[in-house]
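The numbers here are math on the coordinates, done by the rules we state, and not lab data. These figures come from a predicted structure and were not determined experimentally. All Cβ positions, glycine included, derive from the backbone under ideal geometry; neighbour counts span all protein chains shown.
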Amino acid sequence: MKRRDFIQQASAGTALVTLGSLGLQSFTSLNNTTKITILHTNDVHSHIDTFEEGRNANKGGVARRASLIDSIRKENPNTLLLDAGDIFQGTPYFNYYGGELEFKLMSKLKYDAATIGNHDFDNGIDGLFAQLPHAKFQFISANYDFSNTIMDTQTKPYQVFQKNGIKIGVFGLGIELNGLVAPNMFKETKYLNPLEISQDMSRILKTEEKCDLIICLSHLGYNYRNSNKISDLSLAKATKDIDLIIGGHTHTFLPKPTIVKNSDNKNVLVNQVGCYGIYLGKIDFYFDSDKNKSANGTSIIV
Amino acid sequence: MRFTHFLFLLYFLSFLNCKDEKLKIIKIEGQQIIISDSLILDGEIENFIKPFRDNIQKDLDSILAYSAGTYSKTDGELNTAVGNFMADAIYSEANPIFKSRTGHDIDMVIFNHGAIRSALNKGNVSKRTAFELMPFENTVVVIAIKGTQIDSLIDFLRTSKTAHPVSKLKLVLNQEFKIMEAKIKGKNIDKNRIYYVATSNYVYSGGDNMSFFKPNDSVYRLDYKIRNTLIDKFIKLDTIEPVIDDRFIQIK
Ligand SMILES: [Zn+2]
């Protein structure tokens, strides 16, 4: 038993002892529901300022996103903040500062992790590497093999976060770079099959890391009609044990998260919030012990 | 915690098999929250951004030239004033660099119509104008291809019926979109000659289905951003007044 798990259980037990009751009923009733909040952005593309004109006028902006995230964290400290890639490219902030400000702001907003989008190679893999000292959050990518590049050891395939005793496993996926990014920009980055990697990742996170919640942070794109190209929707259908896929790349503004049946006929949520930091995605997961589970299973309100 | 107490706890936990009774998700709620101006600006974040923003604004807004009119990429059928301006700027700004490095002249320029991201608006022209026209980090590449591939390039233009910007190429089509005239720098195309064609790295890598650059004799990457060719051109001009001309037309 890991120390942290023990402390969790011991404190529950202590409470019980104080109450002087050993009944099964009282054990489960003491196990309060825990809420985990997942906040996410994607394809912010260096949009640091609020839009001044056009159809997105008065929307977006990092300083407003910061106050929103702050108020959500105050309401629920068990919150994770994730980004699904394409942090770079789209405003002069990137052209002048190469992504320094984007990373510094994401660090100030206390992002927990991000995956890598194709545009994050726009100043080459060296340009991405050069900005890493400004990022106080983890880069997660399971299907880019950086071992022959300067990015070697700078990313992790997955990260496990602990929030109020709940283990959240997050793994990252990137899109095929060939044809999208010039080869001299991504150099010897190897692209690995996202489906095979996802099957590995979900198994590791489920059985080895014993995660309660498994999240895929993807820059594959939401859906490709008339194409075999792997997308978040096709990945959700073909895999199991993933609870949530947070997507990017296709700049898809979903009115609400999509519910997909996975290969085990269980529900997976797929969400994406368009682009440019106009929206913040928020998914709340409520956890309870098996005994308290209502007869009709998980209710999904989107 | 006394030792007996501790033992009791262990017994208690194994009896209930608490951790095997895994946590289950009982409810999921999802929503997309709009970042609207009803949210408060975080003052610390705002103050942190300000010096970066001010520095950029100052540089972007310094006036470089004046545009006599508003030129949009949708004004014109097979060539547009803004496209002609950009293709000509790539030629005039990149050619001296290419020549100094290789001893050759660029023969013609082509890039994709979709790369023009805004109109060139009437009034003051600044670096910001160049960022609006060309927000991407595309760079100039020059590719050495045979005259036979110039034929495929022309065939691409003929069938796409789109005002892809060109410079130093003259192409006249008839009513049936057949070629009536095709010349580079005023001369007929020689199938056996090597031509040096400037384009963007995006087009070279097959963007917008322009696949006529492969195979090729050689590729010269100038490490010169297309946006910077525009800025350098703006600096040299007082008034910008490009026109729709007869470089790529259809006789009806
Ligand atoms: Zn994007």
### Query
Taking the stated definitions as given, is residue B:140 in contact (Cβ under 8 Å) with a residue 40 or more places away in the chain and more than 27 Å from residue B:62 (Cβ to Cβ)?
no
### Query
Which members of region A:177-194 meet the condition of being in a loop (DSSP other than H, G, I, E, B) and over 17 Å from residue A:147 (Cα atoms)?
A:179, A:180, A:182
### Query
If you go through region B:102-114 one residue at a time, how many are touching a Phe, Trp or Tyr at 6+ places or on another chain (Cβ under 7 Å) and in a helix (DSSP H, G or I)?
1
### Task
Collect the residues in region B:21-51 that are within 25 Å of residue A:38 (Cβ to Cβ) and more than 7 Å from chain A (Cβ to nearest Cβ), keeping them in residue-number order.
B:38, B:44
### Selection within region A:162-185 - touching a helix residue (DSSP H, G or I) at 6+ places or on another chain (Cβ under 6 Å) and within 12 Å of another protein chain (Cβ to nearest Cβ)
A:165, A:177, A:180, A:181, A:182, A:185
### Query
When you scan region A:45-62, how many residues do you find that are at the interface with chain B (Cβ under 7 Å from one of its Cβ atoms) and free of Cβ contacts under 8 Å to residues at least 12 places away in the same chain?
1
### Query
Among the residues of region B:131-147, is there at least one that is within 19 Å of the chain's Cα centre (by Cα), under 30 Å from residue A:97 (Cβ atoms) and among the polar types (S, T, N, Q)?
yes
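Among the residues of region A:190-238, how many are of a type in the set (Val, Ile, Thr) and either free of Cβ contacts under 8 Å to residues at least 24 places away in the same chain or on the phi > 0 side of the Ramachandran plot (or both)? Don't jump to the end; show me each part of the working.
Taking region A:190-238 as the starting set, the residues that turn out to be of a type in the set (Val, Ile, Thr) are A:197, A:204, A:207, A:214-215, A:230.
Next, from what is left, pick out any that are either free of Cβ contacts under 8 Å to residues at least 24 places away in the same chain or on the phi > 0 side of the Ramachandran plot (or both): A:207.
Final tally of qualifying residues: 1.
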### Task
Within region A:243-279, track down each residue that is surrounded by fewer than 21 Cβ atoms within 10 Å (Cβ to Cβ) and more than 16 Å from the ligand (Cβ to nearest atom).
A:255, A:256, A:259, A:260, A:261, A:262, A:263, A:264, A:265, A:266, A:267
### Query
If residue B:227 passes every condition in (1) part of a strand (DSSP E or B); (2) surrounded by 12 or more Cβ atoms within 10 Å (Cβ to Cβ) but one, which one does it miss?
(1)
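Consider region A:29-59. How many of its residues are away from the ligand (no atom under 16 Å from the Cβ), within 24 Å of the chain's Cα centre (by Cα) and not in a loop (DSSP other than H, G, I, E, B)? Spell out how you get there, then give the answer.
First pass over region A:29-59, keeping only residues away from the ligand (no atom under 16 Å from the Cβ): A:29-39, A:49-55, A:57-59.
From what is left, the residues that are within 24 Å of the chain's Cα centre (by Cα) are A:33-39, A:49-50, A:59.
Add one more test, that the residue is not in a loop (DSSP other than H, G, I, E, B), and what stays is A:34-39.
Within region A:29-59, residues that are away from the ligand (no atom under 16 Å from the Cβ), within 24 Å of the chain's Cα centre (by Cα) and not in a loop (DSSP other than H, G, I, E, B) number 6.
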### Task
Scan (1) within 14 Å of another protein chain (Cβ to nearest Cβ); (2) more than 21 Å from the chain's Cα centre (by Cα) for the single condition residue B:68 breaks and write down its number.
(1)
### Task
Write out, first by first residue and then by second, each pair whose Cβ atoms fall under 7 Å of each other, whose residues are 6+ apart or on separate chains, and whose first residue, in region A:159-183, is under 30 Å from residue B:219 (Cα atoms) while the second is among the charged types (D, E, K, R) and surrounded by fewer than 24 Cβ atoms within 10 Å (Cβ to Cβ).
none
